[in-house]
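Here's the structure, in structure tokens; my notes come after.
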Amino acid sequence: MPAKQVLIVEDERPIREMIAFGLKRAGFEVREAEDCRAARAALADTRPDLVLVDWMLPDMSGLELTRALKRDRETRELPVIMLTARAEEGDKVAGLEGGADDYVTKPFSPRELLARIRSVLRRSTGGQQPATAAEAAPGTGRTA
């Protein structure tokens, strides 16, 4: 089974690169976009399995991008996790009601983020585990 692909939409390069590093180590294929325009171009090129999007982006809010993705017939089923510094209850509710499948606030735990990505992917694929380096090694019952 091919690796699951995650599109990271984050304008802060150090954060984007740190997330990408962790996801690649976990066996994911990663694409990166620094703003909504780049994200739309990436989505037009190849459809990822999940989009990880910051709320506060330079050209358009990540919430607006999420709403647009959920309105579009081609992308409405695409899982979206918002990753943002906006931690107020109202922001979380707005993000989830705007179409995000999960909401993670900064600062965040890389382990928790990875667990949430796997959880959203599991729900979006009908319970099938995503293909990552943490899959059970054949014949051992243990993780690789």
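The values are calculated or read from the model by the stated rules, or taken from the named source; none is laboratory data. All values derive from a computational prediction rather than experimental measurement. With ideal geometry, Cβ positions are generated from the backbone for all residues, glycine too; neighbour counts draw on all protein chains shown.
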Give me the pairs: first residue in segment 63-77 and within 13 Å of ARG47 (Cα to Cα) and modelled with pLDDT of 95 or more, second residue exposed (fewer than 14 other Cβ atoms within 10 Å of the Cβ) and basic (Lys, Arg), beta-carbon distance under 6 Å, and six or more apart or on different chains, which are they? none
Do we find a residue being in contact with a strand residue (DSSP E or B) (Cβ under 8 Å, 6 or more places away or on another chain) and part of a strand (DSSP E or B) anywhere in segment 53-73? yes
Out of THR46, THR66, I need the residue that is over 15 Å from LEU113 (Cβ atoms), among the β-branched types (Val, Ile, Thr) and buried (at least 16 other Cβ atoms within 10 Å of the Cβ). Which one? THR66
Of the residues that make up segment 115-124, is at least one part of a loop (DSSP other than H, G, I, E, B) and either modelled with pLDDT under 95 or in contact with a helix residue (DSSP H, G or I) (Cβ under 8 Å, 6 or more places away or on another chain) (or both)? no
Identify all residues within segment 1-21 that are part of a helix (DSSP H, G or I), of a type outside the set (A, V, I, L, M) and buried (at least 16 other Cβ atoms within 10 Å of the Cβ); write none if there are none. ARG16
Can you confirm whether segment 126-134 contains a residue that is touching a Ser or Thr at 6+ places or on another chain (Cβ under 7 Å) and either modelled with pLDDT under 50 or under 18 Å from MET1 (Cα atoms) (or both)? yes
Take GLU32 and tell me if it is acidic (Asp, Glu), outside any loop (DSSP other than H, G, I, E, B), modelled with pLDDT of 95 or more and out of contact with any Lys or Arg (no Cβ under 8 Å at 6 or more places or on another chain). no
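Matching residues to (1) in contact with a Pro (Cβ under 6 Å, 6 or more places away or on another chain); (2) not acidic (Asp, Glu):
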site: GLN5; (1), (2): yes, yes
site: LEU23; (1), (2): no, yes
site: PHE28; (1), (2): no, yes
site: GLU34; (1), (2): no, no
If I go through segment 76-101 residue by residue, how many of them are in contact with a strand residue (DSSP E or B) (Cβ under 6 Å, 6 or more places away or on another chain), farther than 11 Å from VAL53 by Cβ and of a type in the set (Gly, Ala, Ser)? 1
Among the residues of segment 39-50, count how many are aliphatic (A, V, I, L, M) and either free of Cβ contacts under 8 Å to residues at least 24 places away in the same chain or in contact with a helix residue (DSSP H, G or I) (Cβ under 7 Å, 6 or more places away or on another chain) (or both). 4
Residue within segment 49-60 that is within 24 Å of ARG122 (Cβ to Cβ), of a type in the set (A, V, I, L, M) and either modelled with pLDDT under 95 or over 11 Å from the mean Cα position of the chain (by Cα) (or both) present: no
